[in-house]
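Take a look at the structure below.
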Amino acid sequence: MNKKRKQPKKRSLFISFKIKPMVIVALLMLFSFGLSYSIVKVSTLAQPKSQYVIVLDAGHGGLDGGSIGCTTQVKESDLNLNVVKKLQPYLEKFGFQVVLTRKGNDNFSDNKVKDMEQRESIINSSTPNLVVSIHMNSFPTSDQKGAQVYYQEGAEESQKLATSIQKQFQEHLDTNREANHGDYYILKCSKVPTVLIECGYLSNPEDEANLIQEEYQEKLAYQIFCGIIKYLNIRKN
Ligand SMILES: [Zn+2]
């Protein structure tokens, strides 16, 4: 990001109009702030959005169902795919290219390491600008609830993306959880901003009741989309 501030060269022009030095300083500060602000605003999305590639990873699949719903025994892998399939059209309608690591209820291998390596290979061959992995959480007790976004510790852009999505959750999904760093394979697959979203707890009956609803999945997908757009600092026309 180019944050260099360009100073106007023709200071003598201002002086020739006999403007007081304090006014000149104020004008210069205002001008340089405005210039640097506009540079930051436009340079965040440095390439046309049609060339933006976003990888969506629906966690688990096939024999690996992931977490299981405490009341309905719903499989996490199915819910992850539902959210991904709802998020995809929001991104595509906006003009992004979307790549899915899995399109159906399967996985690449029953061997977890091989499965993750295959996802990593799809991510890297897609040369994405962003990676978003969708999961549902679980905890031994039923008291934990709420959606939470994870990023790789020390990965600044991933943290910013995670914070942007988490803010949407705080404002629209009734959670006060904060974005957090986590140790997940998918977060280390690529150097581009990558987040893993735990959409809620399948071990909490209230969260589970929400997560199995199409309407709530749609709401989740929309808030993730908004978080991505706000991170990229662009606005829909
Ligand atoms: Zn999971």
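Among the residues of segment 76-88, is any within 16 Å of the ligand (Cβ to nearest atom) and farther than 30 Å from residue 232 by Cα?
no
Evaluate segment 210-223: report whether one residue or more is touching a strand residue (DSSP E or B) at 6+ places or on another chain (Cβ under 6 Å) and within 16 Å of the ligand (Cβ to nearest atom).
Checking segment 210-223: at least one residue is touching a strand residue (DSSP E or B) at 6+ places or on another chain (Cβ under 6 Å) and within 16 Å of the ligand (Cβ to nearest atom).
Of the conditions (1) out of contact with any His (no Cβ under 7 Å at 6 or more places or on another chain); (2) of a type outside the set (Gly, Ala, Ser); (3) part of a helix (DSSP H, G or I), residue 99 clears all except one; give me its number.
Just one mismatch for residue 99, condition (3).
If I filter segment 59-72 for residues that are out of contact with any Gly (no Cβ under 7 Å at 6 or more places or on another chain), open to solvent by 30 Å² or more (accessible area, probe 1.4 Å), modelled with pLDDT under 95 and over 18 Å from residue 136 (Cα atoms), do I get at least one hit?
no
Yes or no: segment 138-157 includes at least one residue that is of a type in the set (Ser, Thr, Tyr), assigned to a strand (DSSP E or B) and open to solvent by less than 50 Å² (accessible area, probe 1.4 Å).
Looking through segment 138-157, at least one residue is of a type in the set (Ser, Thr, Tyr), assigned to a strand (DSSP E or B) and open to solvent by less than 50 Å² (accessible area, probe 1.4 Å).
Of everything in segment 167-202, what is in a loop (DSSP other than H, G, I, E, B), surrounded by 22 or more Cβ atoms within 10 Å (Cβ to Cβ) and within 16 Å of the ligand (Cβ to nearest atom)? Give them in sequence order.
189, 202
Tell me, which residue of segment 110-137 that is away from the ligand (no atom under 16 Å from the Cβ) and of a type in the set (Val, Ile, Thr) is surrounded by the most Cβ atoms within 10 Å (Cβ to Cβ)?
Only one residue fits best here, namely 123.
Would you please list the contacts, defined by Cβ atoms under 8 Å and residues six or more apart or on different chains, that run from a residue in segment 149-174 that is under 19 Å from residue 200 (Cβ atoms) to a residue that is among the basic types (Lys, Arg) and open to solvent by less than 70 Å² (accessible area, probe 1.4 Å)?
Short answer, once both residue conditions are applied: 166/177; 169/177; 170/177.
The values are calculated or read from the model by the stated rules, or taken from the named source; none is laboratory data. These numbers were taken from a predicted model, which means no experiment stands behind them. Neighbour counts are summed over all protein chains in view; Cβ atoms, including those assigned to glycine, are modelled from backbone coordinates with ideal geometry. All accessible areas refer to the heavy atoms of the entire protein, side chains included, with ligands and DNA or RNA removed. Shrake-Rupley method; radii C 1.70, N 1.55, O 1.52, S 1.80 Å.
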